[in-house]
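One structure below.
The values are calculated or read from the model by the stated rules, or taken from the named source; none is laboratory data. Only a predicted model underlies this, so the values are computations on that prediction, with no experimental measurement involved. Don't worry about glycine lacking a Cβ; one is built from the backbone with ideal geometry, like all the others, and counts go over all protein chains shown. For the accessible areas, the whole protein counts, side chains as well, though only heavy atoms, and no ligand, DNA or RNA atoms are used. Shrake-Rupley method; radii C 1.70, N 1.55, O 1.52, S 1.80 Å.
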Amino acid sequence: MLNDELTKENGVLSKNAPKQLVHGDGSTVVELYYDWEIETVTFELNGGTGLESTTCRYCAFIDPPPTPKKTGYTFAGWYSDSSLVNIFDFSSMIGENIKLYAKWNVKTYTITFNGNGATTNGTLSKQLKYGEHIGSIVAPTKTDCIFVGYFIDKKGSGKGYYCPYGEQYWYIDDNITLYAKWIERFVKVAGTTIKGNESWTPASEVFVSGRSLTIPDLLVCDHEVTRGEFKAFMGEDPSMEKAYDKDGNKLTGDDALNNPVNNVNWYAAIAYCNKLSIKEGLTPAYTVSGISDWENLAYSAIPTKGNDDWDAATCNFEASGYRLPTEAEWEWLARGGENYTYAGSNTIDEVAWYTGNTNNTGSRDVKTKAANGYGLYDMSGNIWEWCWDWYTETISSDAGASGASSGNFRVLQGGAWFSVANESKVAHRYGFYPQAGGWCSGFRLVRNAN
């Protein structure tokens, strides 16, 4: 007769190979072996790796398994419920099949942004949980340089992690220091004294006979202000014309940010100069009555109709900040120390985007044609460039270095992507209403080299 004790609900009676014991009185004892039911413990890893299910006998214990792994997370224990409320006690016996659930705590990393010589926002840091994108950060600035992005190598090589515009969607899995990469965007151009008795090739309507003036040593941006650069400081890109790369492929969105900004009126151009100067710790060149907080001046607050205060703006040409070139400075820079018809060549297609090679489609990325002798790009074609001066039909010999004191138009120079060849010549002159942006107007920055 079997003992009732052995007929357990969670057990299985084993009758295989019973062991018989014969006692001295002739009686026989049969020992029956009882196998406990095998319970299964399943591990729900919740995205982790490194474990499989295990088994144990009924009413046995299991040891804590090896710690699973999950990129970007720290293991926080095993729980007996999927809501991760009740932590599992490994000192309790297993009486049924069970599932244990892994809990994870997301890791938090520190990104340190090293400005690598930045003038502002030189050292920034940000706490970032794994799986979160970095979002927007304030880009650093460095006097006379263009910010390219942040890189894992101090020299700007290796993987790039951050571009200047928009939110970024890359992830990190460790604390990391990133280094700003810069491109020198300004070239130094030696000034000169114009005596008024020089002979110019091609002939000049600015450096007229008898007009003497001094052009100072200048730091000159080697390209026209781009859509991206303008947007970074003004908060929006007002450009209206279509954008293309050098091969004629149409560009939209952020892909167009390396095209010259356009549809910028003269007022907005000088506002940009002052904003950038303040950002880089330089003395602003321009003063406009009623405007005291250039740094926080909204683009929408800049007039789009004629405004007496903005028309009466004054320029401190001795200030360290950015400004527009005077018409005389612009022509001196466009000539590049050479005697070419266009800025850098007598062959317009080598140096300019104009109607003959754009088919009137739109602007092109800056710096995709050859530079002139001073290393300046797009002084002919691509986009018209604002100058400081009031435009006059003719320039007299007694005109000062900064031109007339009043007028209706401000000077535009250089021609644009839709211009005929004649308008792209270094000696061509043009003027337009300062309050009118127009889809053809942009600008270039200069500042005193001293």
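Quick notes
- Checked against a 23 Å cut-off, the cross-linked pairs Lys231/Lys275; Lys142/Lys242; Lys142/Lys275 give Cα-Cα distances beyond that limit for Lys142/Lys242.
- Here the chain has 46 percent of its accessible surface on carbon and sulfur atoms, given a 1.4 Å probe and all protein chains in place.
- Dipole of the range 36-103 [Lys/Arg +1, Asp/Glu -1 at C-beta], most positive-end residue of Gly95, Thr67, Ser53: Thr67
- Each helix, a run of at least 4 DSSP H residues, gives -39500 (n - 2.57); summed and divided by the residues of the chain, these come to -2500 deg cm²/dmol at 222 nm.
- Highest mean packing comes first when the peptides 111-121, 267-277 are listed by Cβ atoms within 10 Å, giving 267-277, 111-121.
- Per-residue 3J(HN,Hα) values for the range 42-55, derived from phi via the Karplus relation 6.51 cos²θ - 1.76 cosθ + 1.60 with θ = phi - 60°, read 9, 9, 8, 7, 6, x, x, 9, x, 9, 10, 5, 10, 10 Hz in sequence order (x marks Gly and Pro).
- Counting heavy atoms of the protein chains alone, Ser83 has an accessible area of about 90 Å² for a 1.4 Å probe.
- Which labelled figure in (1) 33, 26, 20; (2) 42, 28, 22; (3) 80, 21, 18 is semi-axes √(5λ) of the Cα gyration tensor in Å, once derived from the coordinates: (3)
- In loop segments of the range 380-450 as defined by DSSP, the GluC sites (Glu not before Pro) with at most 12 further C-beta atoms inside 10 Å of their C-beta are Glu393.
- Charging the Cβ of each Asp and Glu at -1 and of each Lys and Arg at +1, and nothing else, the dipole of the range 313-384 about its Cα centre rounds to 160 debye.
- Virtual paramagnetic centre 7 Å along Cα→Cβ of Val106, amide N under 17 Å, in the range 75-89: 75-76
- The distance linking the range 239-304 with the range 121-153 is 22 Å (Cα centroid to Cα centroid, whole angstrom).
- Assuming charge only on the beta carbon of Lys and Arg (+1) and of Asp and Glu (-1), the dipole of the chain about its Cα centre is about 860 debye to the nearest 20.
- Built amide H within the under 5 Å cut-off of Tyr430, gap 5+: Leu412
- Antiparallel bridges, percent of DSSP beta bridges restricted to the range 293-448 (to nearest 5): 80
- Taken per residue, the accessible surface of the chain reaches 48 Å², heavy atoms only and a 1.4 Å probe.
- Placed amide H near Asn97: partners under 5 Å, 5+ positions off or other chain: Thr40
- Positive end of the dipole of the range 295-422 (Cβ unit charges, origin at the Cα centre): among Ser405, Ile302, Thr326, the Cα lying farthest that way belongs to Ile302.
- Of the peptides 328-337, 139-148, the order by per-residue mean of other Cβ atoms within 10 Å, starting with the highest, comes out as 328-337, 139-148.
- Here is the list for the range 31-104: GluC sites (Glu not before Pro) lying in DSSP coil, each with at most 11 other C-beta atoms within 10 angstrom of its C-beta, are Glu52, Glu96.
- Close amide H contacts of Ser363 (hydrogens built in the peptide plane, cut-off under 5 Å, sequence separation of 5 or more or a different chain): Lys242, Tyr244.
- Cut-off 14 Å between beta-carbons: net charge of the residues surrounding Gly400, Lys and Arg +1, Asp and Glu -1: -3
- Electrostatic dipole magnitude of the range 357-450 [Cβ: Lys, Arg +1; Asp, Glu -1; Cα centre; debye, to 20]: 260
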